[in-house]
Amino acid sequence: MSISELQELQRTAAHLRQCLGSLRSRYGDAAPVQRLSNDVERLDIDIRDFAEHPPREVVNSLGQRIPIPDTPYDDSLFRGTDTDDEGLGGLHGSR
């Protein structure tokens, strides 16, 4: 995540907090307001984690950095084999 993306995320979260304040003044501590408040708090924690932990990188044998994406693996890696994508939890077909 670039610095500008992180800053935009922080601005958006700040705007969300302002909107939540308006909802709280209108609805008080109703259950949906409390849930949204918890969600916004969690977003703040996650945004701080992004700021404090840069993306992981691996260095290859040539000393070049290779970023490790957080995107899922290509499904074709697991089709027609006796292996599972560990993130999916044991898809065994018709066993």
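The values are calculated or read from the model by the stated rules, or taken from the named source; none is laboratory data. These numbers were taken from a predicted model, which means no experiment stands behind them. Positions of Cβ are generated from backbone atoms using ideal geometry, with glycine treated the same way; all protein chains shown enter the neighbour counts.
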Practice task
Working only within segment 23-48, note down all residues that are surrounded by 11 or more Cβ atoms within 10 Å (Cβ to Cβ), farther than 24 Å from Leu6 by Cα and of a type outside the set (A, V, I, L, M, F, W, C).
Solution key: Arg24, Tyr27, Gln34
Fill in the blank from the handout: Going through (1) under 19 Å from the mean Cα position of the chain (by Cα); (2) modelled with pLDDT under 70; (3) surrounded by 10 or more Cβ atoms within 10 Å (Cβ to Cβ) one by one, Glu86 fails only at (3)
